[in-house]
Amino acid sequence: MVDVLLGLQWGDEGKGKIVDYLAERYDIIARFQGGPNAGHTLYVNGDKVVLHTIPSGIFQPHCLNLIGNGVVIDPVTLQGELKKILPLCPDLLSRLYVSQKAHLILPTHRALDAASEAAKGKEKIGSTLKGIGPAYMDKTGRNGLRVGDVLTPGFREKYDILTQKHLQMLKQYDNVVDWKEWEGAFFDAIEHLRTLQIVNGEYWLDSHMKAGKKVLAEGAQGSMLDIDFGTYPFVTSSNTIAAGVCSGLGIAPTKIGEVYGITKAYCTRVGGGPFPTELTDETGEELRKAGNEFGATTGRPRRCGWIDLVALRYAVMLSGVTQLIITKADVLDNFNPVKAATSYIADGKDTDELPFDITGNASIKPVYKTFPAWDAPISGVKNYEELPLAFKEYCTFVERYLGTKIAFISNGTGRNELIAT
Ligand code: GDP
Ligand code: IMO
Ligand code: MG
């Protein structure tokens with residue numbers, strides 16, 4: 001069986017930390033989509049580590065880790081990441097596998113991302129500029145280069161043909177970045193990629209599963225950034241919901257077991273696009289400070305607001321979430337009151353469904369339920385019984401609203417700052 005762990009909001013829900021913890025129970029951790037736009041933070045013996053491409057199970061010594069076919073890989077980022085964590089994890093290379101069908105991000109993909117974003121002006125997505133959109137466009141446009149191609153003699157020629165296509169596209173933009181200066185590092189990184197364990201990911205997983213191994217699929221981004229169901233066009237270019245596990249790893253739907261959905265006790269978003277419960281006032285600023293809400297990949301300040309149960313119920317529905325995990329509950333320790341959106345007023349009508357258009361001129365006003373402040377701090381609490389009553393009531397409300405049980409509550413950055421319910 002394959003269990004799944006994914007974000008239910010706009011990313012950065014704390015997936016890295018939770019996977020690092022849960023990995024103890026699994027034999028294999030597999031990333032199924034996204035790429036170096038992801039930044040998954042975990043702490044290894046007190047040291048902060050941010051993973052972009054490598055699955056977050058790498059620090060559990062028994063775990064094998066697969067970068068699946070649904071991921072887009074920037075070889076330069078991957079090489080840099082490996083170099084950084086090798087001292088912390090000396091046997092890393094023997095436990096890391098890369099699908100031969102994963103697509104590559106080329107220097108010109110990054111140049112196209114930057115040029116296309118700049119041309120959008122005020123309408124820009126707020127992309128991480130890692131080349132994600134252009135790489136997935138080449139994948140669906142049937143032009144892309146895959147990891148397996150680096151092992152073939154024709155790789156350089158394929159690279160040149162694709163780069164030529166990109167140069168034609170770049171002609172329409174002013175101010176194109178000097179991507180040529182990235183080429184040297186790219187080809188060094190391709191050399192390095194050739195030395196990794198490149199496998200046929202779907203057969204590799206199947207044989208491990210037949211041998212009784214347990215797999216956890218690790219999501220990147222969040223459900224509201226899903227290419228089909230997120231706040232389009234302010235989304236990423238992959239399927240971030242559970243459906244992405246099947247196509248991003250070659251797993252049959254009948255093999256999916258538990259689906260863990262992660263949400264913060266409040267909500268954040270980085271980049272552009274609609275965010276109905278955003279707080280642009282002092283409370284939002286306090287959330288950013290208390291939660292240290294700055295992007296793990298780009299360092300940008302994250303937009304902050306109250307938890308949005310309308311969007312969360314939608315995300316739970318899309319992925320068939322079986323267990324909820326609430327992170328950063330400790331961040332709300334000093335907030336009075338705490339709020340949760342339970343419906344929207346859209347076009348003058350009250351609705352608890354996500355409208356088609358929540359961007360642009362559509363005016364969406366969240367309706368809030370107010371909760372009293374926690375009657376004691378959550379930081380430092382070790383078990384469920386010790387949690388403040390006000391927080392437990394908040395949890396019960398969330399569980400009922402979403403129709404899903406909470407399995408864990410996270411109350412700190414450390415691997416073991418986690419309370420099972
Ligand atoms: P991911 O992309 O979903 O893995 O999340 P990020 O790593 O981008 O952002 C989550 C941030 O919150 C990281 O800095 C984590 O160290 C931190 N974090 C995770 N869980 C908790 C928690 O329960 N409490 C607090 N205070 N911080 C947390
Ligand atoms: P993790 O895995 C938060 C956002 C970007 C931008 C939009 C599109 O750490 O949760 P892209 O680079 O994909 O073209 O950007 O998606 N975004 C994320 N936001 N966490 C992430 O990943 C994100 N990956 C992309 O900010 O708004
Ligand atoms: Mg992140």
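The values are calculated or read from the model by the stated rules, or taken from the named source; none is laboratory data. What you see is a predicted model; the values in this text were computed from it and never measured. Neighbour counts are summed over all protein chains in view; Cβ atoms, including those assigned to glycine, are modelled from backbone coordinates with ideal geometry.
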| Just wondering, is there one or more residues in segment 360-371 that are under 26 Å from the mean Cα position of the chain (by Cα) and surrounded by fewer than 18 Cβ atoms within 10 Å (Cβ to Cβ)? | yes
| Looking only at residues in segment 1-48 that are of a type in the set (S, T, N, Q) and out of contact with any strand residue (DSSP E or B) (no Cβ under 8 Å at 6 or more places or on another chain), which one is nearest to ligand 2 (Cβ to nearest atom)? | 37
| field | Condition broken by residue 133, with the remaining ones in (1) assigned to a loop (DSSP other than H, G, I, E, B); (2) under 20 Å from the mean Cα position of the chain (by Cα) satisfied | value | (1)
| message | Step by step: first the residues of segment 160-201, then only those that are over 19 Å from residue 81 (Cβ atoms) and among the basic types (Lys, Arg), then the one that is surrounded by the most Cβ atoms within 10 Å (Cβ to Cβ). Which residue is that? | response | 165
| remark: Condition set more than 16 Å from ligand 1 (Cβ to nearest atom) and on the phi < 0 side of the Ramachandran plot, scope segment 260-274, selection nearest to the chain's Cα centre (by Cα): answer is 272
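Can you confirm whether segment 72-81 contains a residue that is farther than 26 Å from residue 167 by Cα, surrounded by fewer than 24 Cβ atoms within 10 Å (Cβ to Cβ) and in the same structural domain as residue 246 (by TED's automatic domain parsing)?
First, pick out the residues of segment 72-81 that are farther than 26 Å from residue 167 by Cα: 80-81.
In the following step, the residues that additionally are surrounded by fewer than 24 Cβ atoms within 10 Å (Cβ to Cβ) were identified as 80-81.
Right, trim to in the same structural domain as residue 246 (by TED's automatic domain parsing) and you get 80-81.
Checking segment 72-81: at least one residue is farther than 26 Å from residue 167 by Cα, surrounded by fewer than 24 Cβ atoms within 10 Å (Cβ to Cβ) and in the same structural domain as residue 246 (by TED's automatic domain parsing).
Scan 385, 293 and give me the residue that is under 21 Å from the mean Cα position of the chain (by Cα) and over 30 Å from residue 2 (Cα atoms).
When all the criteria are applied, what remains is 293.
Quick one: in segment 372-403, which of the residues that are farther than 20 Å from residue 17 by Cβ, part of a loop (DSSP other than H, G, I, E, B) and in contact (Cβ under 8 Å) with a residue 24 or more places away in the chain is nearest to ligand 2 (Cβ to nearest atom)? Can you show your working first?
Looking only at segment 372-403, we keep the residues that are farther than 20 Å from residue 17 by Cβ, and these are 372-376, 385-386, 388-390, 392-394, 396-397, 399-403.
Next, only the ones that are part of a loop (DSSP other than H, G, I, E, B) stay: 372-376, 388, 403.
If we keep only those that are in contact (Cβ under 8 Å) with a residue 24 or more places away in the chain too, we end up with 372-374, 403.
Working: 372: 30, 373: 28, 374: 26, 403: 24 Å.
Among them, the one singled out is 403.
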| Among the strands (runs of 3 or more DSSP E) confined wholly to segment 228-329, which include 1 or more residues that are crowded, with 18+ Cβ neighbours inside 10 Å and away from ligand 3 (no atom under 16 Å from the Cβ)? | 256-264, 303-305, 323-327
